[in-house]
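Have a look at the structure below, then the notes.
None of the figures in this text is laboratory data; all of them are computed from the coordinates on show. In this text, all values refer to a predicted model and were calculated from it rather than measured experimentally. Cβ sites come from the backbone with ideal geometry, for glycine too, and all protein chains shown count toward neighbours.
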Amino acid sequence: MNVSKNIAAGIAGLSSTLILSGAAFAVTWDMPTPYPDKTFHTQNIIEFAKEVEKKSGGELKIKVHSAGSLFKHAEIKNAVRGGQVPIGEFFLSRISNENPIFGADSQPFFATNYDQAEKLWQVQKPIVVRLFDKEGMIPLFSVSWPPQNLYTRQEIKTVNDLKGLKFRAYNATQETLARELGAAPTAVEVPDIPQAFATGRVEAMMTSPSTGANSKSWDFVNYYSDIQAWLPKNVVVVNKRAFRKLDKKTQQVVLDAAAEAEKRGWEMSRAETVAKTKILEENGMKMVHPSAELMTGLKKIGDKMILDWQKDAGPDGKKLVEEYRKLTAE
Ligand code: PCA
């Protein structure tokens with residue numbers, strides 16, 4: 001047998017393997033998210049995925065599985081942590097039971113407008129990065145929801161009017177708030193809101209104009225009190241091992257697209273506040289500017305909750321509050 005022919009055949013075989021493995025480098029990431037497609041967070045993530053695919057020249061595709069269709073909201077964080085999926089989105093303060101720092105943005109009447117929420121994220125982010133790093137994850141970007149307002153059947157004039165109501169709760173902080181108000185908290189995910197009201201599982205909720213409008217809240221409540229209690233965030237995290245498997249160039253594409261998505265998401269959120277408040281009004285919700293009495297009652301509970309939160313959050317919490325106060329005093 002001719003040796004050189006053999007070598008040539010070997011090389012030909014080798015190069016076809018290379019071509020094949022080159023093609024195999026094109027990766028698809030499944031990405032579970034908790035909220036429906038029309039939610040602005042989901043829209044922003046779809047845009048992020050498109051950008052990653054385009055800028056990576058098709059090397060990395062991100063397939064978005066919205067509305068808890070691949071993993072339920074409660075499972076998304078651990079699915080990313082355990083590497084079942086490389087990337088996912090969830091409501092950051094949903095995991096405040098793991099560390100109170102994750103719940104900083106959901107403390108009643110702590111950061112109550114976009115400027116404050118942005119400053120809070122600035123001081124919260126380094127700690128969140130460190131906490132996720134310990135669990136083998138990197139937070140890629142985080143976007144705020146619009147301010148959280150109150151949806152009820154009857155007009156709420158004082159905190160006493162909330163006593164005894166079945167209150168939807170989306171995290172531990174809302175559960176505490178509901179209990180402090182003498183209401184009964186029940187956990188309900190966004191896609192289940194209309195059903196929960198229809199069947200009487202809940203009678204009141206606090207959420208953004210986005211979620212209120214998207215779930216057609218005028219079908220089951222009448223009053224919208226503009227209390228602007230806090231601005232909670234969603235976060236998109238990536239599994240560190242999955243991220244490191246990407247070549248350096250693709251890693252950079254992901255990071256750049258994430259920075260863009262964070263910027264775009266906050267802008268979308270601000271625009272959403274105006275647009276969705278209008279939709280609520282157009283559909284007959286009675287828009288109520290809260291009474292001073294209601295606000296005083298709510299803030300009194302908020303003050304107590306923030307003190308408790310600071311105690312729970314230890315040195316990180318103390319540092320966060322100090323830095324936040326410094327930033328907001330400027
Ligand atoms: N909508 C989501 C989270 C915060 C918000 O405005 C919800 O109601 O669950």
The exposure ranking of Trp29, Trp230, fewest beta-carbon neighbours within 10 Å first, is Trp29, Trp230
Surrounding charge for Leu70, neighbours by C-beta under 12 angstrom, Lys/Arg +1, Asp/Glu -1, total -1
GNM of the chain, Cα pairs under 10 angstrom: of Ser66, Ser291, Ser210, the biggest fluctuation goes to Ser291
For the chain, the dipole about the Cα centre with charges only on Cβ (Lys and Arg +1, Asp and Glu -1), to the nearest 20 debye, works out at 720
Out of Ala196, Ala111, Met206 - ranked by how far each Cα lies towards the positive end of the dipole of region 100-216, with unit charges on the beta-carbon of charged residues - the top one is Ala196
For the chain, longest principal axis from Cα atoms; helix 114-134 axis from its Cα atoms; angle between them, nearest 10 degrees, is 50
Of every Cα-Cα pair in the chain, the percentage lying beyond 24 Å is 58
Percent antiparallel among DSSP beta bridges confined to the chain, nearest 5, equals 55
Answer in debye to the nearest 20: the dipole magnitude of region 89-167 about its Cα centre, from +1 Lys/Arg and -1 Asp/Glu charges placed on Cβ, is 260
In degrees rounded to 10, the 0-90 angle between helix 292-329 Cα long axis and the longest Cα principal axis of the chain is 40
Region 276-300 and region 31-91 have their Cα centres apart by a whole-number Å value of 33
The alpha-carbon center of region 135-208 and that of region 302-327 are separated, in whole Å, by 23
Using alpha-carbon positions, the gyration tensor of region 252-323 gives root eigenvalues a ≥ b ≥ c; with a/c under 1.5 called rounded, otherwise prolate if a/b exceeds b/c, else oblate, the class is oblate
Within the under-13-Å Cβ sphere about Phe220, not counting Phe220, Lys/Arg +1 and Asp/Glu -1 give a net charge of +2
With +1 at each Lys and Arg Cβ and -1 at each Asp and Glu Cβ, the charge dipole magnitude of region 116-268 around its Cα centre, to the nearest 20 debye, comes out at 600
Where a ≥ b ≥ c are root eigenvalues of the Cα gyration tensor, a/c under 1.5 meaning rounded, otherwise prolate if a/b exceeds b/c and oblate otherwise, region 154-236 counts as rounded
Of the residues Ala74, Asn44, Leu60, the Cα lying farthest along the dipole of the chain towards its positive end, which is defined by charges on the beta carbon of Lys, Arg, Asp and Glu, belongs to Leu60
Most exposed first, judged by fewest Cβ atoms within 10 angstrom, Leu320, Leu298, Leu92 run Leu320, Leu298, Leu92
If one compares the long axis through the Cα atoms of helix 40-55 with the longest principal axis of the Cα atoms of the chain, the angle in degrees, nearest 10, works out at 20
Out of Met268, Gln228, Met295 - ranked by how far each Cα lies towards the positive end of the dipole of region 225-324, with unit charges on the beta-carbon of charged residues - the top one is Met268
Rounded to the nearest 500, the 222 nm mean residue ellipticity computed for the chain from DSSP H runs (n ≥ 4, each -39500 (n - 2.57)) alone is -17000 deg cm²/dmol
With a 19 Å threshold on alpha-carbon distance, the violating pairs from Lys166/Lys278; Lys72/Lys276; Lys55/Lys249; Lys55/Lys125; Lys125/Lys318; Lys61/Lys240 are Lys166/Lys278; Lys72/Lys276; Lys55/Lys125
Using alpha-carbon positions, the gyration tensor of region 151-190 gives root eigenvalues a ≥ b ≥ c; with a/c under 1.5 called rounded, otherwise prolate if a/b exceeds b/c, else oblate, the class is oblate
